[in-house]
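> Before we start, here is the structure in question, set down as structure tokens.
The values are calculated or read from the model by the stated rules, or taken from the named source; none is laboratory data. What you are looking at is a predicted structure, and each value in this text was computed from that prediction instead of being measured. Because the Cβ atoms are built from the backbone with ideal geometry, glycine has one as well, and the counts that use them run over all protein chains shown.
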């Protein structure tokens, strides 16, 4: 133990400098919130549907709710019922078992509705493709407005995809 402490005092603690924070987008919160309010007149409500993913995309989506990204402060919130949602955020390849549930969730979202496919599996079927157990990409089942590629896509790309869909809303 003493030898280790002597070596640490002699060599010091080797560490690299921490990375510079990429917080340029954080000042955009008020502008994003006012834009959403101008388009919708209220907060954007999202219903997230896991159609058969590995949960990596869900972890990145969940990161949007942490204090660093704080999307609720920007006027975007997740809801439990598709009847209260403006947008479906779908992850994973659509499995045959989830096909009907996804269609029911889509039908329950009031018009005009938006669909954002998140992740490689939702955008193109990923490594699963179309098989006996998978319908493949989300666009094979529902009309998709915006796709967010990546395996998994970073939270900032997911946020950009959500905002792109809202900005293109009729």
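> Tell me which residues, restricted to the stretch 55-84, are surrounded by fewer than 15 Cβ atoms within 10 Å (Cβ to Cβ), at pLDDT below 90 and more than 23 Å from residue 106 (Cβ to Cβ).
66, 67, 68, 70, 72, 73, listed by residue number.
> Something else about it: Does residue 45 satisfy the criteria of being closer than 30 Å to residue 131 by Cα and at pLDDT 85 or above?
no
> Let me ask something else about it. Quick one: would you say residue 87 is in contact with a helix residue (DSSP H, G or I) (Cβ under 9 Å, 6 or more places away or on another chain) and surrounded by fewer than 21 Cβ atoms within 10 Å (Cβ to Cβ)? Before the answer, list the steps.
On the way: in contact with a helix residue (DSSP H, G or I) (Cβ under 9 Å, 6 or more places away or on another chain): yes; surrounded by fewer than 21 Cβ atoms within 10 Å (Cβ to Cβ): no.
Considered against the rule, which asks whether it is in contact with a helix residue (DSSP H, G or I) (Cβ under 9 Å, 6 or more places away or on another chain) and surrounded by fewer than 21 Cβ atoms within 10 Å (Cβ to Cβ), residue 87 comes out as no.
One line per residue, one yes/no per condition, for (1) modelled with pLDDT of 90 or more; (2) more than 17 Å from the chain's Cα centre (by Cα); (3) buried (at least 19 other Cβ atoms within 10 Å of the Cβ); (4) within 24 Å of residue 37 (Cβ to Cβ):
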{"residue": "97", "(1), (2), (3), (4)": "yes, yes, no, no"}
{"residue": "103", "(1), (2), (3), (4)": "yes, yes, no, no"}
{"residue": "117", "(1), (2), (3), (4)": "yes, no, yes, no"}
{"residue": "137", "(1), (2), (3), (4)": "no, no, yes, no"}
{"residue": "149", "(1), (2), (3), (4)": "yes, no, no, no"}
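> Can you confirm whether residue 7 is farther than 21 Å from residue 158 by Cβ and either in contact with a strand residue (DSSP E or B) (Cβ under 7 Å, 6 or more places away or on another chain) or at pLDDT 65 or above (or both)?
So residue 7 fits the description; yes.
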